[in-house]
1. Evaluate the relative contact order of the range 12-129 (contact order divided by residue number), counting alpha-carbon pairs under 8 angstrom at least 6 apart; express in whole percent.
2. By DSSP, what percent of the beta bridges with both residues in the range 12-129 are antiparallel, rounded to the nearest 5?
3. Rounded to two decimal places and with Rh computed the Kirkwood way over Cα pairs, what is Rg over Rh for the range 12-129?
4. Exposure proxy check: 110, 80 ranked by fewest other beta carbons within 10 Å?
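Quick note: the coordinates plus some simple rules give every number you see, no bench work behind them. Everything numeric in this text was worked out from a predicted model, so none of it was measured. Because the Cβ atoms are built from the backbone with ideal geometry, glycine has one as well, and the counts that use them run over all protein chains shown.
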């Protein structure tokens, strides 16, 4: 019956194909996120990594980036650490936005309105927590 629908109404087959492709790409992005977290944890030993934004909300589209908040002692410039993390994650084929904050900044701003830290804390998913 269903195959008959696809034959009689080609857009139905096109829709099915797009849904299958979307599911595959979602799985690939999830695998990439898991690998990103593994690499960051292995190299930098952060206190916490939080996925936030569209991937955490489940509203990611094909062009959505992966937003990660990495809570760690930067041991120098946060910008330098972020650049090192980007280098570590290069070539993964997934657009990403990595924000590095110190544990002190995280505690100070996780309830502060209008901050990315609060957004990540309230809406995000904790992917790594060293204390857990």
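1. Averaging sequence separation for qualifying contacts and normalising by length gives 32 percent for the range 12-129.
2. On the way: 9 of 15 bridges.
Taking every DSSP beta bridge within the range 12-129, about 60 percent pair in antiparallel fashion.
3. Values: Rg = 15.5 Å, Rh = 15.1 Å.
Over the Cα atoms of the range 12-129, Rg/Rh equals 1.03.
4. 80, 110
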